[in-house]
């Protein structure tokens, strides 16, 4: 995490999505890939996932957040942004780190799609067995 001119930078990951977040003191606007959060995420659950660490830390209106996210789908991207914001808030103060750690937001979610194996139809599904 690098701080330049009071801007906090953090990186978060989820599945194949990578999010870079810059937080600076402000009114509480969230910009994702040069669009507002309401334009980028249409599902209310995705918006809730992104804002979750801010609500837990109690700083919903304190920071302007700029996000650059790429890879994966919208739900994975929302999880990556949540991870990055959590890491940035944890780097700011030890109290934030404790509360976010208890909620499990600092831990990177390592679940990914399992690879397809040879001799199988997909990762675990086998071809249909027939006696004759």
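No value in this document is a laboratory result; all are computed from the given coordinates. Being a predicted model, the structure only gives us computed values, none of them experimental. Here Cβ is always computed from backbone atoms with ideal geometry, including for glycine, and neighbour counts include all displayed protein chains.
Results, tabulated for the structure shown:
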read-out: Cα convex hull volume per residue for the stretch 63-132 (Å³); value: 129
read-out: For the stretch 13-40 versus the stretch 66-130, the gap between their alpha-carbon centres in whole angstrom; value: 16
read-out: Packing rank of 114-123, 8-17, where each peptide gets the mean count of other beta carbons within 10 Å, highest leading; value: 8-17, 114-123
read-out: Global geometry of the chain, whether rounded, prolate or oblate, following the gyration tensor of its Cα atoms and the 1.5 cut on a/c; value: prolate
read-out: Among 78, 19, 57: highest mean-square fluctuation, GNM of the chain, C-alpha pairs under 10 Å; value: 57
read-out: Packing-based ranking, highest mean first, of 46-54, 23-31, 104-112 given that Cβ atoms within 10 Å are counted; value: 46-54, 23-31, 104-112
read-out: Order by protection proxy (mean Cβ within 10 Å, highest first), peptides 86-97, 32-43; value: 86-97, 32-43
